[in-house]
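Working notes for the structure below.
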Amino acid sequence: MLTGFNTDVEYDGVVYHVQTEDKGLQTPFILSLVYTGGAILASKRSPYDDLVAGGFDEGILAQRLSRQHKLICAAVHAGRIEDLKRLSGRDAADRTTHARQAAPAEPAETPVASESPIAQASAIEEEVKTEKTKVDTDHFAISPTDKNFEPLKVILLDETELRSGQSVTLRVLVSRSAGERRAPAGKARIVVKTLGTNFRPTSTLATTNAQGIASIPVLLPSFEGGRAAVLVQAHIDGETAELRRIILPTESS
């Protein structure tokens, strides 16, 4: 099970909290929830049965987790709250239809009112214990302009394999939405954290230059077992973006 993401996104004076997490191989799906004031407004569930069936790759799962979280944050930042609510209802309706088709016929019952967002979120948690769902269509699929709507974005300029004990320099580029294009985010605060199950976390700070680029030297912790990752977070003017990369353990001799 991967560590999830939690981000506060402000729109029109309201702060929305977006939470995305991996529910684990026993219940293989990615769940995103949108909260405000403690109430769940919308939810998004993406099964990854295809990864489990085709040979599990934690790196691909981490990319999907990050992508879904960023797209939902971008939708909130663009004011698409009602769209998210409608898609949540469509997800719940699709799952209900699938469950009814799979279940034996029962006597007709009096229709009940549609579920509230909180009830829908609870139903997601309960339903997955008994139902193995098929991979559904991603309601937040990337369109040519979706990336431009992300308020803040951080990417690695040099994608390399990260392995225990290595000394690496991470070059990151941070950009911000500027209408139909993206602009470098200069003076963004960068925090690089190394997280793992068998060592204490560490962090390194940096700041992007005028071109939105920062180079951060990092000594990756040495470990032989367990899981580990590098988390890169960018912060500027109340906005946050992050990415995560897996650190591989020391190779056995």
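The values are calculated or read from the model by the stated rules, or taken from the named source; none is laboratory data. What you are looking at is a predicted structure, and each value in this text was computed from that prediction instead of being measured. Methodologically, a virtual Cβ is constructed for each residue, glycine included, from the backbone with ideal geometry; neighbour enumeration extends over all protein chains shown.
Got a sec? Which of 241, 234 is touching a Lys or Arg at 6+ places or on another chain (Cβ under 6 Å), under 20 Å from residue 73 (Cα atoms) and surrounded by 12 or more Cβ atoms within 10 Å (Cβ to Cβ)? Just a single option satisfies the conditions, and that option is 241. Residues in region 153-163 that are over 16 Å from the mean Cα position of the chain (by Cα) and either aliphatic (A, V, I, L, M) or crowded, with 18+ Cβ neighbours inside 10 Å (or both): 156, 157, 162.
Taken together, the residues in region 165-190 that are touching a strand residue (DSSP E or B) at 6+ places or on another chain (Cβ under 6 Å), of a type in the set (Ser, Thr, Tyr) and surrounded by 14 or more Cβ atoms within 10 Å (Cβ to Cβ) amount to 1. Going by what's in this entry, would residue 245 be described as of a type in the set (Lys, Arg), modelled with pLDDT of 90 or more and either in contact with a His (Cβ under 8 Å, 6 or more places away or on another chain) or not assigned by TED's automatic domain parsing to the domain that holds residue 5 (or both)? Against the criterion (of a type in the set (Lys, Arg), modelled with pLDDT of 90 or more and either in contact with a His (Cβ under 8 Å, 6 or more places away or on another chain) or not assigned by TED's automatic domain parsing to the domain that holds residue 5 (or both)), residue 245 qualifies. From the list 52, 14, the lone residue that is farther than 29 Å from residue 161 by Cβ and either in contact (Cβ under 8 Å) with a residue 12 or more places away in the chain or charged (D, E, K, R) (or both) is 14. Residues being buried (at least 17 other Cβ atoms within 10 Å of the Cβ) and of a type outside the set (Phe, Trp, Tyr): count how many of those fall in region 5-26. Adding up the residues that qualify gives 9. Yes or no: region 36-46 includes at least one residue that is small (Gly, Ala, Ser), surrounded by fewer than 19 Cβ atoms within 10 Å (Cβ to Cβ), under 16 Å from residue 242 (Cα atoms) and outside the structural domain of residue 232 (by TED's automatic domain parsing). No, that holds for no residue.
Please work out which residue is surrounded by the most Cβ atoms within 10 Å (Cβ to Cβ), limiting yourself to region 191-215 and to residues that are within 30 Å of residue 250 (Cα to Cα) and among the aliphatic types (A, V, I, L, M). Among those that are within 30 Å of residue 250 (Cα to Cα) and among the aliphatic types (A, V, I, L, M), it is 214. If you go through region 204-228 and keep only what is farther than 20 Å from residue 189 by Cβ and in contact with a strand residue (DSSP E or B) (Cβ under 7 Å, 6 or more places away or on another chain), you end up with 219, 220, 221, 223, 226, 227, 228. For residue 154, indicate whether it is within 24 Å of residue 74 (Cα to Cα) and at pLDDT 85 or above. Yes; evaluated as a whole, the condition is true for this residue. Going through (1) over 18 Å from the mean Cα position of the chain (by Cα); (2) closer than 30 Å to residue 15 by Cβ; (3) of a type in the set (Asp, Glu) one by one, residue 150 falls short only on (1).
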